[in-house]
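In what follows, a structure is listed as structure tokens, so that the remarks can point back to it.
The values are calculated or read from the model by the stated rules, or taken from the named source; none is laboratory data. Being a predicted model, the structure only gives us computed values, none of them experimental. FYI the Cβ positions are ideal-geometry reconstructions off the backbone, even for glycines, and counts take in every protein chain you see. Please note that ligands, DNA and RNA were not included when accessible areas were found on the heavy atoms of the full protein model with its side chains. Shrake-Rupley method; radii C 1.70, N 1.55, O 1.52, S 1.80 Å.
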Amino acid sequence: MKKNVHFIFVALVLVILPAFLTVESADAFCVYNKTDTKIYVHQTGGQKTGFLDRGFQAELNPGDNGCCNWQDKDCNKSGDRDGIVTFNAGPYDWWICQHFPIKAGGWMTVEGSKGNYKCEAHD
């Protein structure tokens, strides 16, 4: 009986493990807060537009990030990985960057400390 259980376990591992290794990662655009302050991120372009549509929005503490899958039409109306989406990012009283463009399949970092901040796009 032990041999049968062992055989079944090995067979399952050999079938399931390759399935996990071949699954593509969930590609998303992300915004990373690498500053010393809480920031608010608001999508300003490239999102689905309508009365209640707002696209991607997030409040990020230092070290946090927020993401949206590039295939999500609410965040990327083109549905194209190379589509351009834009953001305002910064503390509530001012923007570090305005209408900052990134590719929908890429990410952006908001970096810096003590008032010396910048936004950077990555593919």
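Tabulated data
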quantity: Neighbourhood net charge (13 Å Cβ-Cβ; Lys/Arg +1, Asp/Glu -1) for residue 60; calculated: -2
quantity: Loop-resident sites, segment 51-123, for trypsin sites (Lys or Arg not before Pro), counting at most 16 other Cβ within 10 Å (DSSP); calculated: 54, 73, 81, 114
quantity: List 109, 49, ordered by accessible area with a 1.4 Å probe, largest first; calculated: 49, 109
quantity: Surrounding net charge for residue 41, when Lys and Arg each add one and Asp and Glu each subtract one, Cβ distance under 12 Å; calculated: 0
quantity: Fully extended contour minus Cα-Cα distance, from residue 48 to residue 82, at 0.36 nm per residue; calculated: 10.6 nm
